[in-house]
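Structure record follows, encoded as structure tokens.
The values are calculated or read from the model by the stated rules, or taken from the named source; none is laboratory data. Quick caveat: nothing in here was measured; it's all calculated off a predicted structure. Neighbour counts run over all protein chains shown; Cβ positions are idealised from the backbone, glycine included. Protein only, heavy atoms only, side chains kept; ligands, DNA and RNA dropped before computing areas. Shrake-Rupley method; radii C 1.70, N 1.55, O 1.52, S 1.80 Å.
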Protein chains: 2
Amino acid sequence: MRATFMYGAGDVRIEEVPDPTIEQPTDAIVRVTLTCVCGSDLHPYHSMPAGNTGTPMGHEFIGVIEEVGSAVTGLGPGDLVISPFAFSDNTCPFCREGFHTACRHGGWYGANGVGGAQAEKIRVPQASGTLVPIPADVEEKLLPSLLTLSDVYLTGYHAAHMGNAGPGRTVTVIGDGAVGLSAVLAAKRLGAEKIILMGRHATRTDLGRRFGATDVVAERGEEGVNRVRALTGGEGSHVVLEAVGHMPAYEQAYGVVRPGGVISRVGVPQYENAPVGFGSLFGKNITLNGGPAPVRAYIEAAIPQVLSGEIAPGQVFDAETSLDDVAEAYRLMDSREALKVLVRP
Amino acid sequence: MRATFMYGAGDVRIEEVPDPTIEQPTDAIVRVTLTCVCGSDLHPYHSMPAGNTGTPMGHEFIGVIEEVGSAVTGLGPGDLVISPFAFSDNTCPFCREGFHTACRHGGWYGANGVGGAQAEKIRVPQASGTLVPIPADVEEKLLPSLLTLSDVYLTGYHAAHMGNAGPGRTVTVIGDGAVGLSAVLAAKRLGAEKIILMGRHATRTDLGRRFGATDVVAERGEEGVNRVRALTGGEGSHVVLEAVGHMPAYEQAYGVVRPGGVISRVGVPQYENAPVGFGSLFGKNITLNGGPAPVRAYIEAAIPQVLSGEIAPGQVFDAETSLDDVAEAYRLMDSREALKVLVRP
């Protein structure tokens, strides 16, 4: 089969590799029918040292089950399924508490002998706990929105949920990428009335407005912080959803957050150390939370919202390539010519 | 009057200064009847550069109002009152949201022209919002416990409250100082069943057990982390209450916290930058919160608990000095000969 590998910054290749096979009785093999490139894939696309071994890429997919291991229950060949971007058993103590990305038997696609989703097929560990079926006769036009439940929309939802976005709370979203826009949509769903989107790409912030943003702040740094403070009566934002992952976004977050407020991060931090002391978080009783979204905890509630048309998060996709052209998908997103690119194997 | 000033590390002096007077119509002048030394006073006691100007010390007190400004309502001369360690108007948007330590008209004792509480008298700004009356005929023996509502017990309570300590949640308290022990008592009050106290001073951890600790871990660093993990079935603690403020305590906190758990800090951080990235907080969806306790938000509910004998947080006091001997109070706490010292003007 064909699968995507990254060999270093900017070096994405399609290669012919053996089909995956059942290795554990809890595995399933899924034929991928729809996948995409994630904003987080761009981090290695910028910084991965060149090497001779390719890293399997991709972690968002919808597909059809081809085969299941002997211990897989509730699912079988022919089922159309969505996979969260991390696999999990859905039964361990951390899963039961809603933090599936910390599952004791879970893990990540593209690592430790598990392939990536930008491929024709993929082996899914812990299949019974991981894969969520969708109706086989689902309308084709809904598939992009269903694919966002694999990661991007529910990552935005995780930010809004952990940030306690809701009625009476001002929400500021940092980042107009697909996760940031998803966070806007999720905050709107949760009842937030004032949603300030910090971003400077008009086509993206226009989609943000359609998703529910009431204000757009294009300025960055100190100027951006001052604009948000002015929009909040000088008080700051109750909730800040940080969907970038770079230090300037973190600094903006604690610049605009209100005393007693929450900074909820879903942009994968490209730093380990950051200000958290009296001058940044502690003095104002700021809560910092977020992390890799436990999509599995939210996906069953979100599927009917997509099927009924209540939400259409698939609007974040504005381009499409074939699997053979996946390198072009990366290029389009990296150059910001596209917001998020569908890839069809 | 006599008042306490710090001139540098280890240099605490009693000096004769003019009595405070009403400066703003919202001020009150209080004659201090009971005060104490705070663990946070020991930070400058260790590190303040020597200088020619003394810093007024002390921020916890019970006293009798002597005089009020023309705008003070609901309080008057002769009232016995407790003051939170920070003053606040109790009406601004941040106060209304329960974060009085961020009050728009609030501030700290011992700074910006406001004196300290380790003195015969003190000027209290925003007196109507700040001071809370207690019955004039309160039993003398209850006064130490009431004094803890000025800071130490309600700081421990703030940690437990922000950490969401409660039934079904394992709580680890880092630090066996008076705030840590108060956090144990507060977690117990909130219904936590398993409370692990990390501390190595037996007389203190014994009091911790009386306050509700179910386990005591004397080890520190990696060894201490491993002990706590063993006590929690290898899973870690849902809630960690960090009552120290030094980096090793922060490192212990993220070492013992469970995925999806909370680190609630009330020890004043002696660092500005700390690990918060994928390897420490983000990867496990850890929540970091806490800050200067908005004691004013909790004090009215706590007073009846002390008056009825439901809680006796004043057990943290194990020594007493006169105001003239306040330097000895600092020495006793710094040398760990005393846990917390009452000072009687």
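Here are some notes:
- Scanning the stretch A:67-92 for residues that are touching an Asp or Glu at 6+ places or on another chain (Cβ under 7 Å) and open to solvent by less than 30 Å² (accessible area, probe 1.4 Å) yields A:G69, A:F85.
- Flag for B:V244 being open to solvent by 30 Å² or more (accessible area, probe 1.4 Å), in contact with a helix residue (DSSP H, G or I) (Cβ under 8 Å, 6 or more places away or on another chain) and not in a helix (DSSP H, G or I): yes
- Residue match in the stretch B:35-49 (condition: of a type in the set (S, T, N, Q) and more than 22 Å from B:T148 (Cα to Cα)): yes
- Residue check for B:L34: under 19 Å from the mean Cα position of the chain (by Cα) and modelled with pLDDT of 95 or more: yes
- Residue list for the stretch B:33-66, restricted to those being part of a strand (DSSP E or B) and either within 19 Å of B:P135 (Cα to Cα) or open to solvent by 30 Å² or more (accessible area, probe 1.4 Å) (or both): B:T33, B:L34, B:T35, B:T55, B:P56, B:F61, B:I62, B:G63, B:V64, B:I65, B:E66
- Yes/no for B:V262 being touching a strand residue (DSSP E or B) at 6+ places or on another chain (Cβ under 6 Å), open to solvent by less than 50 Å² (accessible area, probe 1.4 Å), within 13 Å of chain A (Cβ to nearest Cβ) and assigned to a strand (DSSP E or B): yes
- All positions within the stretch A:332-345 that are of a type in the set (K, R) and within 23 Å of A:I62 (Cα to Cα): A:K340, A:R344
- Single residue of the stretch A:85-100 satisfying the filter (at the interface with chain B (Cβ under 9 Å from one of its Cβ atoms) and touching a helix residue (DSSP H, G or I) at 6+ places or on another chain (Cβ under 8 Å)) that is farthest from A:A111 (Cα to Cα): A:G98
Residues are listed down the side, and each one gets a yes or a no for (1) touching an Asp or Glu at 6+ places or on another chain (Cβ under 6 Å); (2) within 14 Å of chain B (Cβ to nearest Cβ); (3) crowded, with 21+ Cβ neighbours inside 10 Å:
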| residue | (1), (2), (3) |
| --- | --- |
| A:Y254 | no, yes, yes |
| A:G267 | yes, yes, yes |
| A:L281 | no, yes, yes |
| A:I299 | no, no, yes |
| A:V306 | no, no, yes |
| A:G309 | no, no, no |
| A:P313 | no, no, yes |
| A:Y330 | no, no, yes |
| A:V341 | no, no, yes |
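- Those residues of the stretch B:306-345 which are of a type in the set (S, T, N, Q) and in contact (Cβ under 8 Å) with a residue 12 or more places away in the chain, in sequence order: B:Q315, B:T321, B:S322
- Residue identified as of a type outside the set (A, V, I, L, M), touching a Gly at 6+ places or on another chain (Cβ under 8 Å), outside the structural domain of A:R31 (by TED's automatic domain parsing) and in contact (Cβ under 8 Å) with a residue 12 or more places away in the chain among A:G168, A:G116, A:G191: A:G191
- Selection status of A:G236, at positive phi and buried (at least 22 other Cβ atoms within 10 Å of the Cβ): yes
- Sole exception among (1) farther than 28 Å from B:M57 by Cα; (2) touching a residue at least 40 places away in the same chain (Cβ under 8 Å) for B:V276, by number: (2)
- Checking each residue of the stretch A:200-218 against the condition of being hydroxyl-bearing (S, T, Y), surrounded by fewer than 24 Cβ atoms within 10 Å (Cβ to Cβ), in contact (Cβ under 8 Å) with a residue 60 or more places away in the chain and in the same structural domain as A:Q252 (by TED's automatic domain parsing) gives at least one match.
Yes/no matrix, rows are residues, columns are (1) hydroxyl-bearing (S, T, Y); (2) within 28 Å of A:V17 (Cβ to Cβ):
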position: A:Y109; (1), (2): yes, yes
position: A:T130; (1), (2): yes, yes
position: A:V138; (1), (2): no, no
position: A:L143; (1), (2): no, yes
position: A:Y157; (1), (2): yes, no
position: A:N164; (1), (2): no, no
position: A:I174; (1), (2): no, no
position: A:G180; (1), (2): no, no
position: A:A183; (1), (2): no, no
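- Among the residues making up the stretch B:88-124, those that are farther than 26 Å from A:S237 by Cα and over 20 Å from the mean Cα position of the chain (by Cα) are B:N112, B:G113, B:E120, B:K121, B:R123.
- The residue that is farthest from B:M1 (Cα to Cα), counting only those in the stretch B:107-124 that are within 14 Å of chain A (Cβ to nearest Cβ) and open to solvent by 30 Å² or more (accessible area, probe 1.4 Å), is B:W108.
- Total residues in the stretch A:171-188, condition open to solvent by 30 Å² or more (accessible area, probe 1.4 Å) and free of Cβ contacts under 8 Å to residues at least 60 places away in the same chain: 1
- Residue check for A:G290: small (G, A, S), farther than 21 Å from A:T101 by Cβ and either under 16 Å from the mean Cα position of the chain (by Cα) or facing chain B (nearest Cβ under 7 Å) (or both): no
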